[in-house]
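In what follows, a structure is listed as C-alpha cells, so that the remarks can point back to it.
Every number in this text was worked out from the coordinates using simple rules, so none of it is lab data. Keep in mind the model is a prediction, meaning the values are calculated, not measured. Cβ coordinates were reconstructed from backbone atoms using ideal geometry, including for glycine residues, and neighbour counts include every protein chain displayed.
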Amino acid sequence: MIELKNIVKTYDTPNGPVHALKDINLSIKRGEIYGIIGLSGAGKSTLIRCINMLERPSSGEVIVDGKDLTKMSDSELRQARKDIGMIFQHFNLLSTSNVYDNIAFPLKLAGKSKEEIREKVEPLLSLVGLENKAHQYPSQLSGGQKQRVGIARALANDTKILLCDEATSALDPQTTKAILKLIKDINQKLQLTVVVITHEMQVIKELCDKVAVLDRGIIAENGTVLDVFTNP
Ligand code: ADP
Ligand code: ADP
C-alpha cells in the first residue's frame, strides 16, 4: 500500500544543511496500523509529511497503491491525495465553521453537490459519535470531540490511508484511550491503512500492529510491536 524507498530529506537552512531523513525504507501493508516512534527532532513529522508530499523528499520514491507520488504532476498529485487523510495534534479545524461544515469541507473542495455532501457527512457524524453536535462550533467542543471532527473530515473523501501526526498528544489519558479505540474501530470497519507518529510508547502499544523506531533520521529498528518491544 505504502512503500518508502531510499527517502532522503535535507533542509537547507542559513546554518547549513539539516539531514532530517537519511535513507528511509519502509513498507506498509493495506489495513495495517503502523507506528513511527522517536524523540523530538528524530524526523517523524518530516517522514509522515513525505507520505502525502506535504514535504517533498530530496530524493527517493513514495509509492502509494503502486504509483510513485514523487513523479506526479500537480494535478495527478491532487487526485492521489484524496486517498490520504491526515489528523493533527492541534486538530486544525476551521474555527468559523460548525462541525458539519468542517467535515464537509474536503467534499466542497472536491466539487460535490449538497446532496452528495449530506449523504457522506451524516454517516461520518455517527461513525465518530457526533450526531448531536453538527451545529456546534469548534470552540464549543472538548479536545476529544474536536479530534473526532478531525477524523471524520480526514475520512470524507473515501480515504484509504489515515495519517496521524501526534493526534493524541494534546489530549488527557482517558480521552486518548477513547480516540485510539475509535481509530482502531474505523481501521477494522473500513480496512483503512493507518500511519501514526508519536513520542508516546502507550500509543504504539495500544494501537499499532507494527512499529519503526526513528533515531536521528534513520530507522533504528522495525517490526511487530511485540518483537521490537519485548526483545532484550
Ligand atoms: P520530529 O517530528 O521527530 O520532532 P522533525 O521531522 O520535525 O522531527 O524534524 C527533524 C529535523 O529536521 C530537526 O532537526 C528539525 O529541526 C529539522 N526541520 C524540520 N522541519 C524543518 C524545516 N522546515 N526547515 C529546517 N529544518 C527543519
Ligand atoms: P450551504 O452551507 O452550502 O448553504 P446547506 O444549505 O446544505 O449548505 O446547509 C446549511 C447548513 O445546515 C450547513 O452549514 C450545516 O451546518 C447544516 N446542515 C445541513 N445538512 C445537515 C444535516 N444533515 N445535519 C446537520 N446539519 C446540517
Euclidean distance of C-alpha centroids, the range 160-216 and the range 70-125, integer Å: 20 Å
Using distinct alpha-carbon pairs, which all enter the 1/r mean, Kirkwood radius of the range 1-59 in Å: 12.2 Å
From the C-alpha gyration tensor of the range 66-136, square roots of 5λ in Å: 26, 15, 12
Residue-count net charge about LYS112 - beta-carbon cut-off 10 Å; Lys, Arg +1, Asp, Glu -1: +1
For the range 41-97: rounded, prolate or oblate by the Cα gyration tensor [a/c cutoff 1.5]: oblate
Cα-Cα P(r), the range 1-150, percent of pairs per 5 Å interval: 2, 8, 15, 16, 16, 15, 14, 9, 4, 1, 0
Cβ-based net charge around ALA220, under 13 Å, with every Lys or Arg adding one and every Asp or Glu removing one: 0
Ordering of 31-43, 169-181 by burial proxy (mean other Cβ atoms within 10 Å per residue, highest first): 31-43, 169-181
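Order the peptides 90-102, 122-134, 155-167, 10-22 from the highest to the lowest mean number of other Cβ atoms within 10 Å of their residues. Display every interim value, and only then the final one.
Details: 90-102: 17.4, 122-134: 15.7, 155-167: 21.4, 10-22: 13.0.
So the order, starting with the most tightly packed, is 155-167, 90-102, 122-134, 10-22.
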Per-peptide average of other Cβ atoms within 10 Å, ordering 189-197, 218-226 highest first: 189-197, 218-226
Hydrodynamic radius by Kirkwood, which averages 1/r over all alpha carbon pairs of the range 100-232, in angstrom: 16.1 Å
Phi-based couplings in Hz for the range 166-173 (Karplus 6.51, -1.76, 1.60; Gly and Pro marked x): 6, 5, 10, 5, 9, 10, 6, x
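Filter the cross-link list LYS177/LYS205; LYS44/LYS120; LYS29/LYS82; LYS5/LYS29; LYS160/LYS181 down to pairs whose alpha-carbon distance in this structure exceeds 21 Å.
Result: LYS44/LYS120 exceed 21 Å.
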Residue-wise HN-Hα coupling along the range 47-55, computed from phi with Karplus coefficients 6.51, -1.76, 1.60 (Hz; x: Gly, Pro): 5, 5, 6, 6, 5, 10, 6, 4, 10
DSSP bridge pairs, the chain: antiparallel proportion in percent, nearest 5: 55 percent
Along each principal axis, Cα extent of the range 163-210, largest first, Å: 27, 18, 16
Hull volume in cubic angstrom per residue (convex hull over the Cα atoms of the range 99-154): 66 Å³
